1. Please arrange 76, 134 by how many other C-beta atoms lie within 10 Å of their C-beta, fewest to most.
2. Could you sort the peptides 175-188, 207-220, 117-130 by per-residue average Cβ neighbour count (10 Å cutoff), highest mean leading?
3. With runs of 4+ DSSP H residues as the only contributors, calculate the mean residue ellipticity of the chain at 222 nm using -39,500 (n - 2.57) per run, divided by the residue total and rounded to the nearest 500.
4. Between the range 85-126 and the range 200-232, how far is it from one alpha carbon centroid to the other, in angstrom?
5. Hey, what angle do you get for helix 95-112 against the long axis of the chain, alpha-carbon based, 0 to 90 degrees rounded to 10?
6. Taking a temperature of 10 °C and a viscosity of 1.306 mPa s, what whole-number D in µm²/s does Stokes-Einstein yield for the range 148-307 with Rh from Kirkwood over alpha carbon pairs?
7. Please determine, in degrees from 0 to 90 and to the nearest 10, the orientation of helix 165-176 with respect to the longest principal axis defined by the Cα atoms of the chain, where the helix direction is its Cα long axis.
8. Listing 62, 196 from the residue with the fewest other Cβ atoms within 10 Å to the one with the most, what is the order?
């Protein structure tokens with residue numbers, strides 16, 4: 001028998017230690033990530049739950065967010081932007097039973113506070129017992145999503161040999177043409193990176209993350225900014241996050257006119273070496289749009305394998321969800337337009 005309760009202040013102080021005992025936990029589930037998001041987005045309110053067994057022992061955790069883009073329209077998300085979250089359950093436990101206790105708690109909150117929907121994105125190659133618990137609780141699953149994950153447990157030398165020859169060639173070209181890769185903790189480098197990132201997102205018509213979020217993560221213990229330079233000019237960068245066994249390539253940008261120097265390849269190879277030397281097991285290259293065959297091929301040339309993940313939702317108010325879907329494009333355009341004025 002399991003129960004899910006709001007984490008106490010004492011339990012929150014030990015939060016990262018608790019979730020580190022779950023093999024598939026990552027930086028997205030840490031207090032540092034939650035704090036960075038909530039300080040940058042007033043629309044997000046973090047919720048922390050402890051999953052306990054009949055002996056009142058913590059056997060799992062459930063971080064999530066209440067997202068309120070405007071009054072009376074709120075959804076409960078395991079993680080924004082469809083990033084992986086869901087119940088973090090220790091091995092050896094009845095994952096279906098623990099998940100059902102989480103669902104009961106979320107259902108209670110969603111009904112009491114009139115949330116229009118609860119959405120839970122499970123990690124790649126998720127535990128089927130957790131999925132069964134969600135389905136038993138009335139959730140609907142969407143299974144047509146995938147990311148790419150690189151297994152680095154055998155070490156960097158093994159991974160290097162598994163790269164496609166085009167990847168190895170690109171890394172060598174970057175080195176021969178004078179591309180230098182460094183890590184940076186400076187705000188000025190983050191600002192230079194962010195300007196590249198903002199320009200790229202505007203060209204793609206995508207909504208950028210705020211500078212404040214990226215800077216706070218850069219200063220935290222779960223993220224690092226890696227930058228590529230050519231003749232002392234920043235030409236590319238990538239902010240990655242790391243925790244437990246997992247590294248995630250999260251936010252990247254580059255100057256289009258310097259892509260022929262292959263700075264992105266040099267940066268990714270640097271991160272793979274960094275992670276291998278520190279004992280990490282996996283690098284998540286992030287989700288890809290299925291129609292972007294070039295991006296999918298690029299990730300697979302590194303030896304990363306396609307891994308499916310699912311989004312489970314439970315709808316409470318179709319009317320309020322429709323209101324959000326109608327309003328969302330306009331809100332995103334306004335939000336994207338103001339980001340350039342905040343740096």
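Here, each number is a calculation from the coordinates, and none is a lab measurement. Remember, predicted model here, so these are calculated numbers, not experimental data. A quick note on method: Cβ atoms are made from the backbone with ideal geometry, for glycine too, and the neighbour counts reach across all protein chains shown.
1. On the way: 76 23, 134 26.
In order of increasing Cβ crowding within 10 Å: 76, 134.
2. On the way: 175-188: 13.6, 207-220: 19.1, 117-130: 20.6.
Top to bottom by mean Cβ count within 10 Å: 117-130, 207-220, 175-188.
3. On the way: 12 runs with 139 residues, N = 343.
When only DSSP H runs of four or more count, the value is -12500 deg cm²/dmol.
4. Comparing the Cα centres of the range 85-126 and the range 200-232, I get a distance of 31 Å.
5. 80 degrees
6. Details: Rh = 16.0 Å.
Roughly 99 µm²/s, to the nearest whole number.
7. It works out to around 60 degrees.
8. Working: 62 27, 196 19.
So the ranking, lowest neighbour count to highest, is 196, 62.
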